[in-house]
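Inspection log for the structure reproduced underneath, given as structure tokens.
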Amino acid sequence: MGIELTSLDQREILRYLGCREQVPPEELTREVSRCSRLLLETARPKTVWRLMELRGTHVEGTAITLMGEDIRRHLADCSQVILMAATLGPEAERLLMRSQVQDMAQALILDSCASAAIEAVCDRLEEQLRLRFQEAGRYLTDRFSPGYGDFPIGQQPELCTLLDTQRRIGLTLSASNILIPRKSVTAVLGVADTPRHRRSHGCQGCAMYEHCEMRKGGTPCGG
């Protein structure tokens, strides 16, 4: 599925930046707008997904069992699972790396723009999938990524292998299971025959509620 970004939510970028002011400084607003345009001109979003049969938390036809109580609860009563991955691409990665060398203030804003952008890509892919499956009378959970709650980040390589992310969207992993390019996401969504309860946006609905350093610092991410 093709995803095209034409704008970014400025409020989300400011949240990533930790801006708590009701009205941010005009200079910051201008710089966020400028960096948003630069990021949008540079990023080349790519996504891939795959539908698999599910038994409990075991992905049928593979040796993979999704681990952790959080993912088990998330996929309760689901007979299938969608594996998905998304990335802003290497062009955005190079832009972020250049900015870190040339201008750290700009780098911080660009990083926040890129974080907002990859979440927007995932949101749009999820919504496309949700509409597609609803037409067939099926219902999706929210997406849930390795590293959320007790769903181990160590399962990221298995998802990438099943999705063939290196060949299909240029997404690889470091030795410590960090996605490369960094502004990338892998996730799973359950598929069921009845409507699924969707987690509320905000801290209380987040799987990272107990451990989130942003929340503890008084700056919710807005997710």
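Rounded to the nearest Hz, the phi-derived 3J(HN,Hα) couplings of region 34-48 under the Karplus curve 6.51 cos²θ - 1.76 cosθ + 1.60 (θ = phi - 60°) are 5, 5, 4, 4, 4, 5, 5, 5, 9, 5, 10, x, 9, 9, 8, where x marks glycine and proline.
Summing charges over all other residues whose Cβ lies under 14 Å from the Cβ of residue 35, with Lys and Arg as +1 and Asp and Glu as -1, gives -2. Neighbour counting of Cβ atoms within 10 Å sorts the residues 112, 184, 33, fewest neighbours leading, into 33, 112, 184.
Taking the Cα centre of each part, how many Å lie between region 52-115 and region 153-197? After rounding, the separation between the Cα centres reads 5 Å. Dividing the helix sum by the residues of the chain, where each DSSP H run of 4 or more adds -39500 (n - 2.57), gives a mean residue ellipticity at 222 nm of -12500 deg cm²/dmol. Picking from 86, 118, 40, whose Cα lies most toward the positive end of the charge dipole for region 10-194 (charges on Cβ: Lys, Arg +1; Asp, Glu -1)? The one lying farthest along the dipole's positive direction is 40. May I ask for the longest run of the chain untouched by trypsin sites (Lys or Arg not before Pro) that are loop-located per DSSP and have at most 14 neighbouring C-beta atoms (other than their own) within 10 Å? The longest uninterrupted stretch comes out as 21-197.
In this structure, residue 4 and residue 33 have a Cβ-Cβ separation that, at R0 = 22 Å, corresponds to a calculated FRET efficiency of about 0.70. Entry note, region 10-194: relative contact order of 30 percent, from Cα contacts under 8 Å with a spacing of 6+ residues.
What fraction, in whole percent, of alpha-carbon pairs in the chain exceed 31 Å separation?
Cα-Cα pairs in the chain separated by more than 31 Å: 22 percent.
Approximating the spin labels as points 7 Å out from Cα along Cα→Cβ, the residue 62-to-residue 176 distance works out to 2.5 nm.
For residue 73 and residue 94, FRET efficiency with R0 = 35 Å and r from the beta-carbon atoms, rounded to 0.05?
The formula returns an efficiency of 0.35 here.
Computed about its Cα centre, the charge dipole of region 1-90 is approximately 140 debye, with only Lys, Arg, Asp and Glu carrying charge at their Cβ.
Charge dipole of the chain (Cα centre as origin; +1 on each Lys and Arg Cβ, -1 on each Asp and Glu Cβ, all else neutral): 200 debye, rounded to the nearest 20. Amide hydrogen proximity for residue 54: with H placed 1.01 Å from N in the peptide plane, the residues at 5 or more positions away or on another chain lying under 5 Å are 60, 80, 81.
All of the numbers you see were taken from the coordinates with simple rules; none came from a lab. Bear in mind that the values here come from a model prediction, so they are computed numbers and not experimental data. When we count neighbours, we look across all protein chains shown, and the Cβ atoms used for this are built from the backbone with ideal geometry, even at glycine.
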